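Here the structure is laid out as structure tokens; the discussion comes afterwards.
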Amino acid sequence: MNATAPQLNLAPLLDVHSVCKSFRKPDGDQLVVLEDVNLTLRPGEIVGLLGRSGSGKSTLLRSIAGLDGPTSGVVNYLGQQVSAPARGIAMVFQSFALFPWLTVLENVQLGLEALGVPEPEMRKRSLQAIDLIGLDGFESAYPRELSGGMRQRVGFARALVVHPNILLMDEPFSALDVLTAETLRSDFLDLWGEGQLPIKAVLLVTHNIEEAVQMCDRLLIFSSNPGRVASEIPIDLPQPRHTQDPRFRALIERVYVEMTARPRGEPRTGPKSERFPGTGIGTTLTHVSSNVLTGLLEAVNEPPYNGKADLPVIAEEQHLEVDELFPAAEALQLLRFAEVEGGDMKLTEAGLQFARGETDDRKKLFARHLITYVPLAAHVRRVLDERASHTAPKSRFFDELEDYMAEDAAEQTLRTIISWGRYAEVFAYDDNRQAFSLENPA
Ligand code: ADP
Ligand code: MG
């Protein structure tokens, strides 16, 4: 029995309306991270926000918690606009900065000190939170004496001790090993289902699809560049949910379909398109090694897939997390080695040829596609060809990319181009001198 069934008839606890968030880049331009984000959270709900690294999920949570206001739009909590850290909204992070010189109890009490709760009450509530989250007997332990999973439990206790209406969770299980994460997740769900948690609703940020389908009443699929809610998927399976249940697998499949519906980096239409001018070099490339790309092409080519595979199945087989699988799938699409549609990956003629080819043929094919379909690679090669020295510092391209993207994205994009260019022997790169050259290529 779920004591905390979503109460959809009640007024929302949280209403995020048209939230946009931009940061100023070093060159003075705006980096738009969130664009027109809308969501509500009602009593009794666990809502999942599923998106990739860098899509703005943490930025959104910070806005909701009142830690860093949106550039435009409003966050309403209990009908009031949030403009400073809101009481009643607590956050669980991927990992907590626990104070090493404070005991578990003292670390948990920190959550209450700002609220001016009297000492005996503070101690009582902290001990309750510690018991609840399964740390009974460890009140006097120091963080260094605890395992990673137990330290994360201290973090949960610190958030729960304030009895928040809303618990925001930012990838709370992703720093833990698989088994520890599973245990903590199911403990959390049990407590939630029994109505034991002193909270009314949860917003869970994750990039783990199984975790999202396991825990949430509905999922919001978050797109990247800029971050916005692209679609919503209700999960109406009773708890506890079993990962091998066909209905569970069908929902996983559906999430994959939604998440691959529009590849990142695809030209956008509408008023924002001027942020992606026609030169085409301004596309952020997520780093995927040529090994991962090669492995994926080979796997999809092999029986029983023979050139077409279900993404969730291949992800599991190749032990790829969403954060690796989707960028790899996009890279293969960008290079025209594969197409992704309806949650399936299908190799193109070139993709099949690659998978079946010998090393040298593969490199030649990769080189041709790299130059043809990845404008930045063509650009780097052209610059090197034209210069008498046939060398160019990395900074030259970094500066150019920074007109289009944030510093970290530019760094990653260059890293990607360097590794793909090296693999295909389209150009060389000297790590010490931080310079491209045509040294190795014939
Ligand atoms: P996620 O949590 O989905 O991985 P984040 O919200 O952490 O994504 O970051 C989204 C984007 O916003 C990234 O490109 C990041 O570099 C940028 N960003 C986040 N915070 C800041 C900041 N304070 N200043 C500049 N850029 C930022
Ligand atoms: Mg984050």
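The values are calculated or read from the model by the stated rules, or taken from the named source; none is laboratory data. Please read these numbers as outputs of a predicted model, since none were measured by experiment. Neighbour counts run over all protein chains shown; Cβ positions are idealised from the backbone, glycine included. What goes into the accessible areas is simple: the full protein's heavy atoms, side chains included, and nothing from ligands, DNA or RNA. Shrake-Rupley method; radii C 1.70, N 1.55, O 1.52, S 1.80 Å.
Only one of the numbered conditions (1) open to solvent by less than 20 Å² (accessible area, probe 1.4 Å); (2) in contact with a strand residue (DSSP E or B) (Cβ under 8 Å, 6 or more places away or on another chain) is not met by A328, and that is (2). Taking the criterion of being closer than 19 Å to R387 by Cα and touching an Asp or Glu at 6+ places or on another chain (Cβ under 8 Å), the only residue of the stretch 408-429 that qualifies is A428. Of the residues making up the stretch 122-148, those that are open to solvent by 70 Å² or more (accessible area, probe 1.4 Å) and part of a helix (DSSP H, G or I) are R123, K124, Q128, D131, R144, E145. How about the stretch 376-390: which of its residues are more than 13 Å from E400 (Cβ to Cβ) and open to solvent by less than 80 Å² (accessible area, probe 1.4 Å)? Matches in the stretch 376-390: A377, A378, R381, L384, D385, S389, H390. If the condition is being under 12 Å from K57 (Cβ atoms) and among the aliphatic types (A, V, I, L, M), then the stretch 182-211 contributes L203, L204, V205.
Of all residue pairs spaced 6 or more apart or on separate chains, those with beta-carbon atoms under 6 Å, a first member in the stretch 251-262 that is in a helix (DSSP H, G or I) and a second member that is open to solvent by 20 Å² or more (accessible area, probe 1.4 Å) are V257/G342; E258/S231. Is there a residue being of a type in the set (V, I, T), surrounded by 14 or more Cβ atoms within 10 Å (Cβ to Cβ) and modelled with pLDDT of 90 or more anywhere in the stretch 298-310? Yes, that holds for at least one residue.
Yes/no matrix, rows are residues, columns are (1) touching a residue at least 24 places away in the same chain (Cβ under 8 Å); (2) more than 16 Å from ligand 2 (Cβ to nearest atom); (3) open to solvent by 20 Å² or more (accessible area, probe 1.4 Å); (4) in the same structural domain as E316 (by TED's automatic domain parsing):
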site: L197; (1), (2), (3), (4): yes, yes, no, no
site: D217; (1), (2), (3), (4): yes, yes, yes, no
site: P226; (1), (2), (3), (4): yes, no, no, no
site: R249; (1), (2), (3), (4): yes, yes, yes, no
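Taking every residue in the stretch 156-172 that is open to solvent by 10 Å² or more (accessible area, probe 1.4 Å) and pairing it with any residue that is in a strand (DSSP E or B) and within 16 Å of ligand 2 (Cβ to nearest atom), at least 6 positions away or on another chain, the pairs with Cβ-Cβ distances below 7 Å are D170/M91; D170/V92; D170/V205; E171/V205; E171/T206.
Annotation note: of R356, R368, R362, R396, the sole residue that is under 14 Å from T294 (Cβ atoms), surrounded by fewer than 16 Cβ atoms within 10 Å (Cβ to Cβ) and in contact with a helix residue (DSSP H, G or I) (Cβ under 9 Å, 6 or more places away or on another chain) is R356.
Among the residues in the stretch 61-71, are any touching a Cys at 6+ places or on another chain (Cβ under 8 Å) and under 26 Å from A409 (Cα atoms)? Checked the stretch 61-71: at least one residue is touching a Cys at 6+ places or on another chain (Cβ under 8 Å) and under 26 Å from A409 (Cα atoms). The selection criterion, being open to solvent by 60 Å² or more (accessible area, probe 1.4 Å), assigned by TED's automatic domain parsing to the domain that holds P238 and either within 16 Å of ligand 2 (Cβ to nearest atom) or under 18 Å from the mean Cα position of the chain (by Cα) (or both), does not hold for R24. Number of residues in the stretch 35-65 that are touching a helix residue (DSSP H, G or I) at 6+ places or on another chain (Cβ under 9 Å) and near ligand 1 (Cβ under 8 Å from one of its atoms) equals 4. Taking into account only those residues within the stretch 390-412 that are touching a strand residue (DSSP E or B) at 6+ places or on another chain (Cβ under 8 Å) and part of a loop (DSSP other than H, G, I, E, B), which is farthest from ligand 2 (Cβ to nearest atom)? It comes out as H390.
Annotation: of all residues in the stretch 31-86 being touching a residue at least 12 places away in the same chain (Cβ under 8 Å) and among the basic types (K, R), the one that is farthest from ligand 2 (Cβ to nearest atom) is R42.
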